[in-house]
Every structure is written in structure tokens, then in C-alpha cells.
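Rule-based calculations on the coordinates, nothing more; no lab input. Given the structure is predicted, the values throughout are model-derived calculations rather than measurements. So basically every Cβ, Gly included, is an ideal-geometry build from the backbone, and we count neighbours across all protein chains shown.
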Amino acid sequence: MTVKQINLFLQSHFTSLSNQDPLFVFITGASGVGKSHLAQALEEKLDPKFVSVEYFDRIGVPGFEDMIKEYGSCEKWQEVMTHKWVQRLSSRQDKNVVILEGQFNPQFAINACKEFGVSHYILILLHADKKTRDRRLIDQRAQPELANETMDHWTDFLRRKTQELGGTIIDTSESDVPSYLDKITDVIKEKLQKISLR
């Protein structure tokens, strides 16, 4: 399923999909897996009439000390912000698909969906091996401080949690953006087909 094909699918199934709540697509992953790059590519190629792409970090990310001071821990900050994002987006009925890209625990997204009555959602984890992540963080992003053991543990946790929740894991260790976009849109289309038949 290419991006062009999913635009055509959204157009041809507009009526049936508009009678349903929007599909929420949560794209998460550790630093260096290519989340923002792929989300931006989706935003450029998907028809904005049907799809909205949102970026978690646009709420502003405070420093660790501020997170702990105000929320008690970085994890709690992430949980609260994930719930705020889902609450904000759950009121939108003007799009068929709402994509939220960011670095968050997928369990927080699921919990927020249940709290705010979001009935259609999918989880997608972008995953890359350590060597690839470190190279991207150090050489391409000039953020060597993120290539550490904590990020390695976070990567492993996200993989286990996504598997536990039945989400989709896409390995982005290679430099094959078109292939990754096709895989993401395949997952989205499969869910949209089920929604349109209801």
C-alpha cells in the first residue's frame, strides 16, 4: 500500500469513514529510530483533508529537573502529557486519521484512549538496532548524550510493551524511507478497512 493508494482509499471511503470516529495512529520509539523524519514524510504525502499529523514534542519538553520538580518523575510527566494530547485530539472529528508521533510509553496512550472514549486506534513502534541508533544520534544529530545505556533500556522496554499490547513493530535500521512509509500505510489501511465495514 503506497501513500498515494491510501489517499485514494480515504477519498473513496470518505462517507463510510466519516460516520465513524477518527482512527488514532500512535507512532512511538526511542531516540534515533527516525520517528520525526517518517512522520514529516507522511505529513507531506498524506492528504490533509483526511489526515492530521501531530508531534508530541511541540507541547514543549522541560528539563529533567523541572519534570521531577513538577510531576515527581519523568515518567509521570510523560503520562500526563500523553493524556493531555489524547484528550485534545479526541475532540477532533474533522479528520479520518489522526497520527501522533512522539517518544511515549504506548500503555499511556492506550489508557488515555480508554479514558476519553477513543474507540479506534493502532500502535506502531519504530525500532532500530543499537549501532544504527547510536550512529544517527552521534553523527547525524550531534546528540551523543542520548546514545547511552538508559536509551538502550528504554528501547528494549518499548519493544516488549508494544509486543504485549499487540502493536506493530517496524524495524528502521536501514535507510529505506519509502519501504517504511509503505509498511506504516499498510497497517493504517488494514484498520481503516475494518472501520469502514462497521
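Exposure proxy ranking for Tyr71, Tyr180, based on other Cβ atoms within 10 angstrom of each Cβ and starting from the fewest, stands as Tyr71, Tyr180. Among the trypsin sites (Lys or Arg not before Pro) in segment 26-81, those placed in a DSSP loop whose Cβ has at most 15 other Cβ atoms within 10 Å are Lys49.
Residues whose amide H comes within less than 5 Å of that of Phe24, counting only those at least five positions distant or on another chain, are Val98, His120, Tyr121, Ile122 (H built at 1.01 Å from N in the peptide plane).
Normalised by the number of residues in the chain, the mean separation of alpha-carbon contacts (under 8 Å, six or more apart) gives a relative contact order of 35 percent.
Considering all C-alpha pairs of the chain, those separated by over 21 Å amount to 52%.
Based on alpha carbons, the Rg and Dmax found for segment 132-179 are 12.6, 34 Å.
Modelled spin labels at Trp154 and Glu70, positioned 7 Å past Cα toward Cβ, are 1.8 nm from each other.
Coupling constants for segment 144-153 follow from the phi torsions by the Karplus curve (6.51 cos²θ - 1.76 cosθ + 1.60, θ = phi - 60°), and in residue order they are x, 5, 8, 8, 9, 5, 4, 5, 5, 5 Hz; glycine and proline get x.
Contour minus end-to-end for Asp171 and Phe116, with contour as 0.36 nm per residue of separation and end-to-end as the Cα-Cα distance?
Residue separation times 0.36 nm, minus the Cα-Cα distance, leaves 16.8 nm.
For the pairs Lys35/Lys130; Lys4/Lys194; Lys95/Lys194; Lys45/Lys130, flag any whose C-alpha to C-alpha distance is greater than 22 Å. Check vs 22 Å cut-off fails for Lys45/Lys130.
Cα-Cα pairs above 14 Å in segment 79-158: how many percent? Of all Cα-Cα pairs in segment 79-158, 67 percent lie more than 14 Å apart.
Roughly what angle does helix 3-12 make with the longest principal axis of the chain, taking Cα atoms, 0 to 90 degrees, to the nearest 10? Between the helix axis and the principal axis of the chain, the angle is about 40 degrees.
Whole-Hz Karplus values for segment 61-78 come out as 10, x, x, 4, 4, 5, 4, 5, 5, 8, 10, x, 6, 5, 5, 5, 4, 4 Hz, taken residue by residue from phi with 6.51 cos²θ - 1.76 cosθ + 1.60 and θ = phi - 60°; glycine and proline positions read x.
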